[in-house]
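Everything below concerns the one structure shown next.
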Amino acid sequence: MNKILLGTLLVSLLAGCAGQDVKEQPKAGVEDKSASQTAQTAPSEQKAVEANPLKDPNNILSKRSVFYDFDKYDVKNEYKPLVEAHSKYLTGHKDAKVAVQGNCDERGSREYNLALGNRRADSVRKMMNVLGVPDSQIETVSFGEEKPRATCHDESCWKENRRADIVYQGE
Amino acid sequence: MRMAINRIMNFGHFFVAVLLAASGSANAALTIEIVGSGANQVPVAVVPFAGESLLPQAITSVVAADLQRCGLFKIVDSVGITPEPHEPAEVNYQDWRARSAEALAIGSILQRPDGKLEVRFRLLDAVKQVQLAGYSYIIDAAQLRATAHKIADLIYEKLTGDVGVFGTRIAYIVKSGKRYELQVADADGYGAQTVLASNEPIISPSWSPDGTKLAYVSFERKKPIIYIQSLASSRRQVLAQFKGNNSAPAWSPDGKQLAIVLTRDGSSQIYLVNADGSGLKRLSYSSSIDTEPSFSPDGMSIIFTSDRGGSPQIYRMAVSGNGAQRLTFEGDYNVSPHFSPDGKSFTFIQRINGSSFNVALQDLASGQMQVLTDTHMDESPSFAPNGKMLLYATEIGGRGILAAVSSDGRVKQRLSTRFGDVREPEWGPLSKDQ
């Protein structure tokens, strides 16, 4: 067991990635998507992924993004099941913490978008509050339009960027 | 008459040093393209100064470029008039009237034994045949460009009656790849210096009223925090790093306080804080977004963006936070207000037909609104300190560039770098000796 765990840790360290190997006890670390592919070559890693509902592609908990209309910050009905699922997970795992990151598309004012991104993150936080998640488990942050996921200059990218992401601590 | 020229150099402070890059002025220079002109252009000749050809830096070409760029002057060619006049006695006014010149700038540059340069300059009225201005400057060679801007400012002032802004500076952000640089350059785009470099976003630079400091928002600690940095020493301090976002710094006209935006109590709200970070006081109390404060020149009121009415609009409140009134009613997206230097109007960004974002100007007394630009992704407009031009960010061919437009919408300029996106400009104040 110790050997396996050590092996996993080494792979994680070499890949510059942390947190992939833990089940329900997230650790602090930097999100690094490029590294996770390397880490998947370790057999023990596969097991860990299966055991973690947050990483299971078939589980709604693996979905993390709530999308919005232009200049809007209300959680649309289609994303309510997603926020509900994460709220249920958080109330069942008191040691888990999330950062809700608000984002906007590039149009309009950077400062207004920073404020709008905050409202988007806040809309998810407030819904989680109503569903029983205390503020101590949620941190909100806004990136405004500064960290676009998609970088083209039309609606196909803009709709990707009007978004709040739920990021678990340690991811 | 020594010129006070502030240059940013010699960074070397503990934490800041890690983030700061050596300035690369050569490839960071902004290039200017003029896209329009004023209705009435004053024909003016700028005769090459005696002794100028021996210098490393031409002076009259900079003067002429300044005057031409602002769109209010037509430069009269002086080629072929021999001998070139450098003193009033050498001027044959008939030559210049034949070329329709209404004014004439002449002068000379002398090498002094102590290594300094003496620049003598006169502005002559070619119609009345009288001297309008005469100055001399004792300078170092490094001050030649700044002196040229000063001469252009004097010509502008004498011939238009307004204060010239050629000697001012601008601040802006350049993004190249993943790198963000806060830069300061002369108003003609020359002499760009990097104030701060970071791999995380930098936004909202704001000049202190005396032009010695910049407040800005940096994401270097993974969330927006407001800093104030001295340009001369590069020393900086955190102004606000409360829970949540800290952003949108705007200086009070006396430089003692800043209006800032915090989310520490929920949604984005406007607060007042002393320039040393003490004395935080909440000004706005809404459950909606209140952001982008801008002080009136008399320091008595603040205009800002709020979505309290359902869409972002411009509001004005007293500096006490009381009596907020809505100012914009046209359209469903009006943001980024900035007061004009005379306090009679404000500029902002208006979304038009749901897709175009344009610089607009609104008169406070009449409520009359005018759209000034024909670009489509405009952001961050600010006034030149004489109120005659506005600087803003826009996008051409998918690249972020800076542009300027006169307050009557006639003269348009574009400023771009060879690399990267330029954004978040703010026009600096008049320099101290203006």
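Readers should treat all values here as calculations from the given coordinates under stated rules, not as data from a laboratory. The structure displayed is predicted, hence computed values, not measured ones. Virtual Cβ from ideal backbone geometry, glycine too; neighbours counted across all protein chains shown.
Peptides B:125-134, B:186-195 ranked from most to least packed, by the mean per-residue count of other Cβ atoms within 10 Å: B:186-195, B:125-134.
Give, as ranges by residue number, the residues of segment B:42-58 whose backbone N falls under 17 Å from the point 7 Å along Cα→Cβ of residue B:89. Under 17 Å, as judged by backbone N against the label point of residue B:89, lie B:50 of segment B:42-58.
Checking every one of the chymotrypsin sites (Phe, Trp or Tyr not before Pro) in segment A:55-99 against DSSP loop status and a limit of 16 other Cβ atoms within 10 Å picks out A:70. Per-residue shielding of A:142-151, expressed as the average number of other chain Cβ atoms within 10 Å of the residue Cβ, stands at 4.
Can you tell me what percent of all Cα-Cα pairs in segment B:218-362 are more than 18 Å apart? Percentage above 18 Å: 57. Each of the peptides B:104-113, A:146-155, B:212-221 was scored by the mean count of other Cβ atoms within 10 Å over its residues; in descending order, highest first, they stand as B:212-221, B:104-113, A:146-155.
Stretching residue B:237 away from residue B:374 to a fully extended chain increases their span by 45.4 nm, per 0.36 nm per residue minus the current alpha-carbon distance. In units of 2.2 N^0.38 Å, what is the alpha-carbon radius of gyration of segment B:130-219? Taking N as the residue count of segment B:130-219, the ratio is 1.38. Using only Cα atoms, what Kirkwood radius does segment A:60-168 have, in angstroms? 13.7 Å is the Kirkwood radius here. Working note: Cα gyration tensor of segment B:169-427, eigenvalues times five, square-rooted, sorted largest first, giving semi-axes of 24, 24, 17 Å. Taken residue by residue and averaged, Cβ atoms of other chains lying within 10 Å of the Cβ of A:115-123 number 6. Here segment B:328-392 was treated as a single set of alpha-carbon atoms; its pair distances binned every 5 Å from 0 give 4, 20, 32, 26, 13, 5, 1 percent. Can you tell me the 0 to 90 degree angle between the C-alpha axis of helix B:144-160 and the longest principal axis of chain B, rounded to 10? That helix lies at roughly 90 degrees to the long axis.
Give the shape of segment B:75-135 as rounded, prolate or oblate, defined through the alpha-carbon gyration tensor: a ≥ b ≥ c are the square roots of its eigenvalues, a/c under 1.5 means rounded, and otherwise the shape is prolate if a/b is larger than b/c and oblate if not. Since a/c reaches 1.5 and a/b is larger than b/c, the shape of segment B:75-135 is classed as prolate. One equal scatterer on each Cα of chain B, no solvent, Debye formula: the resulting log10 I(q)/I(0) at q = 0.06, 0.07 Å⁻¹ is -0.27, -0.37. For segment B:315-434, compute Rh as the Kirkwood radius over C-alpha pairs and then the Stokes-Einstein diffusion coefficient at 25 °C and 0.890 mPa s; write the answer in µm²/s, rounded to an integer. Roughly 163 µm²/s, to the nearest whole number. Its residues counted as N, segment B:40-160 yields a C-alpha radius of gyration over 2.2 N^0.38 Å of 1.00. Roughly how tilted is helix B:60-69, in degrees to the nearest 10 and between 0 and 90, from the longest Cα axis of chain B? So the helix axis and the longest Cα principal axis differ by about 50 degrees. A Cα-only calculation for segment B:386-434 places Rg and Dmax at 12.4, 40 Å. Going by neighbour counts of Cβ atoms within 10 Å, the residues B:264, A:162 line up, fewest first, as B:264, A:162. Across peptide B:212-224, the average count of Cβ atoms from other chains found within 10 Å of a residue's Cβ is 2.
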